[in-house]
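The numbers here are math on the coordinates, done by the rules we state, and not lab data. Since the structure is predicted, the reported quantities are computational estimates derived from the model, not experimental observations. Note that we place each Cβ from the backbone using ideal geometry, even for glycine, and neighbour counts take in every protein chain shown.
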Amino acid sequence: MSSLQEKVVLVTGGTSGIGEGCTELFARDGAKVVTMSIQAKEGEALAKRLTTEGHTCLFHYGDVSKEADVKAAVDLAVSRFGRLDGVHANAGLMRNQKITDLTLEDFYAMVNVNLLGPVLVAKYAIPVMERQGKGVLVMTTSVAADIGFPCHGIYCATKAGLVALIRSLTTDHSPKGVRFVGVSPGTIDTPMLAASCAGWSKPKEEIYADVARRIPVQRLGKPADIAHAVRFLMSDEAGFINGSIVNLEGGTLCLPPW
Ligand SMILES: NC(=O)c1ccc[n+]([C@@H]2O[C@H](COP(=O)([O-])OP(=O)(O)OC[C@H]3O[C@@H](n4cnc5c(N)ncnc54)[C@H](O)[C@@H]3O)[C@@H](O)[C@H]2O)c1
């Protein structure tokens with residue numbers, strides 16, 4: 001089994017859903033984890049829980065769209081633990097509307113968290129990793145980059161933007177030892193997914209059951225499904241996986257268009 005033992009890892013959006021699952025798995029796997037988000041209470045509680053279990057986890061309160069906050073998170077990892085082996089740029093925000101109803105506030109909110117956030121993470125993490133001659137940057141994109149989700153044009157565009165960003169970063173920085181990988185989740189049971197059910201005529205449980213029936217593996221994804229994949233992608237065993245987007249969607253993208 002791959003291991004992140006003793007590796008120093010930063011997770012953004014690390015206190016809910018997928019990021020929380022990653023923070024927990026990486027810390028329990030022996031990594032020294034800095035987990036960052038704008039959820040102070042949840043972050044403090046998560047770090048305390050993992051520390052009490054005997055693992056190493058620091059919470060950093062910060063907004064990924066603010067340059068100083070991202071720089072501070074990277075600086076914290078390096079000053080406390082001496083290096084930065086892996087970053088999971090995972091923080092994300094989803095709002096839905098047709099383009100004709102779009103407000104610029106919604107546009108910039110999604111672009112700032114979903115696209116600018118990973119850009120800033122890359123800006124500050126890459127120089128550290130290049131100095132080390134080694135490092136891995138994983139970004140959470142989405143099947144929304146491949147599918148025309150109704151009423152989610154801007155969200156889809158930000159996630160597709162990450163796919164292009166990953167490929168470009170690979171050509172610029174992999175010769176100096178940094179790998180870049182995208183993980184593209186399908187439908188994962190998280191607070192973000194639950195929030196997206198608000199306003200539907202059916203209860204969440206019924207919507208989830210309907211969706212699960214349509215996914216080839218007949219279930220929704222769990223944060224742990226993503227966390228196990230990211231743990232492997234950050235490990236040395238995955239050293240030849242670079243510039244790739246790994247679909248983690250239970251076969252959703254294999255479905256025929258009828
Ligand atoms: N849940 C799904 O079905 C699904 C599918 C595909 C992709 N994704 C992507 O996975 C990632 C995680 O989503 P999730 O479902 O776990 O959502 P979630 O809402 O449970 O968690 C999002 C996390 O991002 C953090 N965050 C939001 N804005 C932030 C900001 N400005 N600065 C720092 N942190 C911020 C939140 O505090 C939270 O910790 C997102 O990028 C999302 O787009 C989710």
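Structure above, values below:
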{"quantity": "³J(HN,Hα) computed for each position of the stretch 35-52 - Karplus, 6.51 cos²θ - 1.76 cosθ + 1.60, integer Hz, glycine/proline x", "calculated": "10, 10, 6, 9, 10, 4, 5, 5, x, 4, 5, 5, 5, 5, 4, 5, 5, 4"}
{"quantity": "Around Ile38: net Lys/Arg minus Asp/Glu count, Cβ-Cβ under 14 Å", "calculated": "-3"}
{"quantity": "Computed log₁₀ I(q)/I(0) - Debye formula, equal Cα scatterers, no solvent, the stretch 1-103, q 0.12, 0.16, 0.17, 0.19 Å⁻¹", "calculated": "-0.39, -0.63, -0.70, -0.84"}
{"quantity": "Centre separation in Å (Cα based) which lies between the stretch 42-119 and the stretch 124-142", "calculated": "15"}
{"quantity": "Debye log10 I(q)/I(0) at q = 0.10, 0.14, 0.16 Å⁻¹ for the chain, Cα point scatterers", "calculated": "-0.46, -0.93, -1.21"}
{"quantity": "In sequence order, calculated HN-Hα J values of the stretch 83-97 (Karplus, 6.51, -1.76, 1.60; Hz; x Gly/Pro)", "calculated": "6, 9, 8, x, 10, 10, 7, 10, 4, x, 9, 10, 10, 10, 5"}
{"quantity": "Qualifying GluC sites (Glu not before Pro) for the stretch 1-94 [loop in DSSP, other Cβ within 10 Å: at most 15]", "calculated": "Glu6, Glu53"}
{"quantity": "Over 19 Å (Cα to Cα) - which of Lys48/Lys134; Lys48/Lys222; Lys32/Lys123; Lys7/Lys222; Lys123/Lys176 fall in this group", "calculated": "Lys48/Lys134; Lys48/Lys222; Lys32/Lys123; Lys7/Lys222"}
{"quantity": "Loop-located chymotrypsin sites (Phe, Trp or Tyr not before Pro) in the stretch 166-253, at most 12 other Cβ atoms within 10 Å (DSSP)", "calculated": "Trp200, Phe240"}
{"quantity": "Phi to ³J(HN,Hα) by Karplus 6.51 cos²θ - 1.76 cosθ + 1.60 over the stretch 228-233, Hz, x for Gly, Pro", "calculated": "4, 5, 5, 4, 5, 5"}
